[in-house]
Amino acid sequence: MNPTEPEAEQPAPTPVEPDDFKAMMIGATVIFVVAFIPFAGVLCCLPQILGALLALHLFTRQYQLTLAYGDGIKLGMLTVLIGGVSAWLISVLLLMTVHYQVGQEIMKLMVDLYTKLGPQFAQVAQKMQEQMDKQKAEGVTTNMLLLGGCMQVIMSCISGLIGGALGTAFFKRGPKPQ
């Protein structure tokens, strides 16, 4: 090389593109696991919101970023959709194969509670027990799959939206990504 010639310019190293896959999978795994804990259904959509918050926390901590609300909501919704829909699919498979319905403990507890509340609630308890027996006898129907799947997707999107928006507001760790 001639010392009078300018050095061949090397291209600047490209910055590492933030990858949200790992954070998403960890949040989705938490949602999936909590879905199968007995009586966790009492918490309604709180585990899904917490799973989305966890994904945003991990992502913003790893890359020291502040996300725009749209990006945070997208990350939250995708996290909850992955965790919630996969848990729903496994629960349907459990119902089809071993006839175990996730959340049946809560229903049995509610029937017992209504029975103990007195005769005015005995009819409600009887109707609930009839519905549980009917569901068990019918098994998995096409209507159950369609309605359950749609309901799971809608509830996952709503929970992910809430968790993503809250996580975006809470976890501000640096510049917004370009």
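The values are calculated or read from the model by the stated rules, or taken from the named source; none is laboratory data. What you see is a predicted model; the values in this text were computed from it and never measured. Reconstructed Cβ throughout: ideal geometry from the backbone, glycine too, with neighbour counts over all protein chains shown.
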Test Val124 against the criterion of being touching a Phe, Trp or Tyr at 6+ places or on another chain (Cβ under 7 Å) and not in a helix (DSSP H, G or I), and give yes or no.
-> no
Out of all the residues in the stretch 123-178, which are hydroxyl-bearing (Ser, Thr, Tyr) and either exposed (fewer than 12 other Cβ atoms within 10 Å of the Cβ) or out of contact with any helix residue (DSSP H, G or I) (no Cβ under 7 Å at 6 or more places or on another chain) (or both)?
-> Thr141, Thr142
Would it be correct to say that Gln120 is over 25 Å from Cys44 (Cβ atoms), at pLDDT 85 or above and not assigned by TED's automatic domain parsing to the domain that holds Leu81?
-> no
Consider only pairs whose beta carbons are under 7 Å apart and that are at least six residues apart or on different chains; among these, list those whose first residue lies in the stretch 129-156 and is free of Cβ contacts under 8 Å to residues at least 40 places away in the same chain and whose second residue is surrounded by 11 or more Cβ atoms within 10 Å (Cβ to Cβ) and part of a helix (DSSP H, G or I).
-> Gln129/Val111; Met132/Met107
Hey, can you tell me all the residues within the stretch 53-73 that are of a type in the set (Phe, Trp, Tyr) and out of contact with any helix residue (DSSP H, G or I) (no Cβ under 8 Å at 6 or more places or on another chain)?
-> Tyr63
Would you check if Val124 is under 24 Å from Ile31 (Cα atoms) and β-branched (Val, Ile, Thr)?
-> no
Counting only residues that are free of Cβ contacts under 8 Å to residues at least 12 places away in the same chain, of a type outside the set (A, V, I, L, M) and in a loop (DSSP other than H, G, I, E, B), how many does the stretch 80-109 have?
-> 1
Qualifying positions in the stretch 31-70 - assigned to a helix (DSSP H, G or I) and within 19 Å of Leu94 (Cα to Cα) | Ile31, Phe32, Val33, Val34, Ala35, Ala40, Gly41
Are any residues in the stretch 55-84 basic (Lys, Arg) and either in contact with a Lys or Arg (Cβ under 8 Å, 6 or more places away or on another chain) or farther than 14 Å from Pro18 by Cβ (or both), and if so, which ones?
-> Arg61
Flag for Asp112 being touching a residue at least 60 places away in the same chain (Cβ under 8 Å) and part of a helix (DSSP H, G or I) | no
